[in-house]
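Novice: Take this structure, written in structure tokens, and hold onto it; I'll ask about it next.
No lab work stands behind these numbers, since they all come straight from the coordinates. Computed from a prediction, not measured in an experiment: that's the story for all the values here. All Cβ positions, even for glycine, are placed from backbone atoms using ideal geometry, and neighbour counts span all protein chains on display.
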Amino acid sequence: MFALIGLIALTIKITILATVYATLTLVVLYLISKTTRKIWLARLMGNKLLFWFCTGFIFTVALFIYAFSYWGYSGLGDYSCIPIGNGFVVSSIDALENSWFEPDKEKYSRQADIINFAIKKNTLCGEFTGFNSDDCKNCFIVFNAKTERMDEFRSPEEYSSFATKNDLPQHKEFKTFIENYREHWGGLKNIFLP
């Protein structure tokens, strides 16, 4: 149900964005056609309403494709995700305290549960609670999405030493899923893209 509401909201947002972008395209090309003597541009501006509808349709299709692409998909309904790189995402349901990612593309059900984390240069660093909810106290994980290499650390000191040596975020720089989500998907990206 929440996914359906999210899809409806996404459709409304894409429609509004496509309308604005089509209008801006029409205005810019109209102004250019008045200042230059290009015949093809004059023909294009001959039927402004048709041009506006066609441009709006093209923007709508392009924004839908982006919205469901790897780099544009932020989740629907109560499911949310943040791309790490190389096809990997950090996921959460209801943006709760716990989140997870699947480090093995072949083993679909193997989930690494993380609490607070940071993403830097396609590398995920986080407080690790175990695979599929196996308990691991004071554990940390570093996952490089490019090399698909994962390192586990059993103490904050061990992680801090590795992070310092490899220019990775320290434990105090980790944020919750919702903070990372707002940082990644917020700002101008939230305004100008679906």
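Novice: Measuring from centroid to centroid over Cα atoms, what is the spacing of the stretch 132-179 and the stretch 5-83 in Å?
Specialist: Here the two parts' Cα centres lie 40 Å apart.
Novice: Something else: What is the list of residues in the stretch 52-85 whose amide nitrogen lies under 20 Å from a point 7 angstrom out from the Cα of THR19, following Cα to Cβ?
Specialist: Only 52-65, 67 fall inside the zone, counting backbone N under 20 Å.
Novice: Another question about this same structure. If each residue's Cβ is checked for other Cβ atoms within 10 Å, how do TYR73, TYR181 rank with the fewest at the top?
Specialist: The most exposed by this proxy come first: TYR73, TYR181.
Novice: Using only Cα atoms, tell me the angle between helix 2-35 and the longest principal axis of the chain; keep it within 0 to 90° and round to the nearest 10.
Specialist: 40
Novice: Right, something else. Take every Cα pair under 8 Å in the chain that's 6+ residues apart, average their separations, divide by the length, and report that relative contact order as a whole percent.
Specialist: Across the chain, relative contact order equals 17 percent.
Novice: For the pair ARG182 and ILE58, what calculated FRET efficiency results from E = 1/(1 + (r/R0)^6), where r is the Cβ-Cβ distance and R0 = 30 Å, to the nearest 0.05?
Specialist: In this case the efficiency is close to 0.50.
Novice: Still on this structure, please answer the following. Let me check against my output: what whole-number percent is the relative contact order of the stretch 79-187, with C-alpha pairs under 8 Å and at least 6 apart?
Specialist: 22 percent.
Novice: Where Rh is the Kirkwood radius over the Cα pairs of the stretch 2-67, the temperature 4 °C and the viscosity 1.567 mPa s, what D in µm²/s does Stokes-Einstein return?
Specialist: Taking Rh from Cα pairs, D becomes 100 µm²/s.
Novice: Using Cβ counts within 10 Å as a stand-in for footprinting exposure, how do LYS146, LYS165 rank, fewest first?
Specialist: Listing LYS146, LYS165 from fewest to most nearby Cβ atoms yields LYS165, LYS146.
Novice: Further question on the same structure: Among the GluC sites (Glu not before Pro) within the stretch 104-175, which fall in a DSSP loop and have no more than 16 other Cβ atoms within 10 Å of their own Cβ?
Specialist: Loop-located and lightly packed - GLU106, GLU148.
Novice: Between LYS48 and ASP94, what is 0.36 nm times their sequence separation minus the Cα-Cα distance? Round to one decimal in nm.
Specialist: Answer, rounded to one decimal: 12.1 nm.
Novice: Using Cα-Cα distances under 8 Å and only pairs 6 or more residues apart, what relative contact order does the stretch 50-142 have, in percent?
Specialist: 14
Novice: Separate question: Rounded to the nearest 0.05, what FRET efficiency is calculated for LYS105 and PHE68 with R0 set to 22 Å and r the Cβ-Cβ distance?
Specialist: 0.70
Novice: Spit out the partnerless Cys residues in the chain, using Cβ distances under 4.7 Å as the pairing rule.
Specialist: Flagged as lacking a Cys partner: CYS54, CYS81, CYS125.
Novice: Quick one: helix 156-165 against the long Cα principal axis of the chain, what's the angle to the nearest 10°, folded into 0 to 90?
Specialist: 50
Novice: Let me ask something else about it. With +1 on each Lys and Arg Cβ and -1 on each Asp and Glu Cβ, how big is the dipole of the chain about its Cα centre, in debye rounded to the nearest 20?
Specialist: Dipole about the Cα centre, nearest 20: 1640 debye.
Novice: Please rank LYS13, LYS48, fewest neighbouring Cβ atoms within 10 Å first, as an exposure proxy.
Specialist: Placing the least packed residue first, the sequence is LYS48, LYS13.
Novice: Right, next: Taking a cut-off of 20 Å, what percent of all Cα-Cα pairs in the stretch 79-187 are separated by more than that?
Specialist: 32
Novice: Here's another thing I want to ask about it. Efficiency by 1/(1 + (r/R0)^6): what FRET value for TYR79 and THR35, r their Cβ-Cβ distance, R0 = 45 Å, to the nearest 0.05?
Specialist: Given R0 = 45 Å and the Cβ-Cβ separation, E is 0.40.
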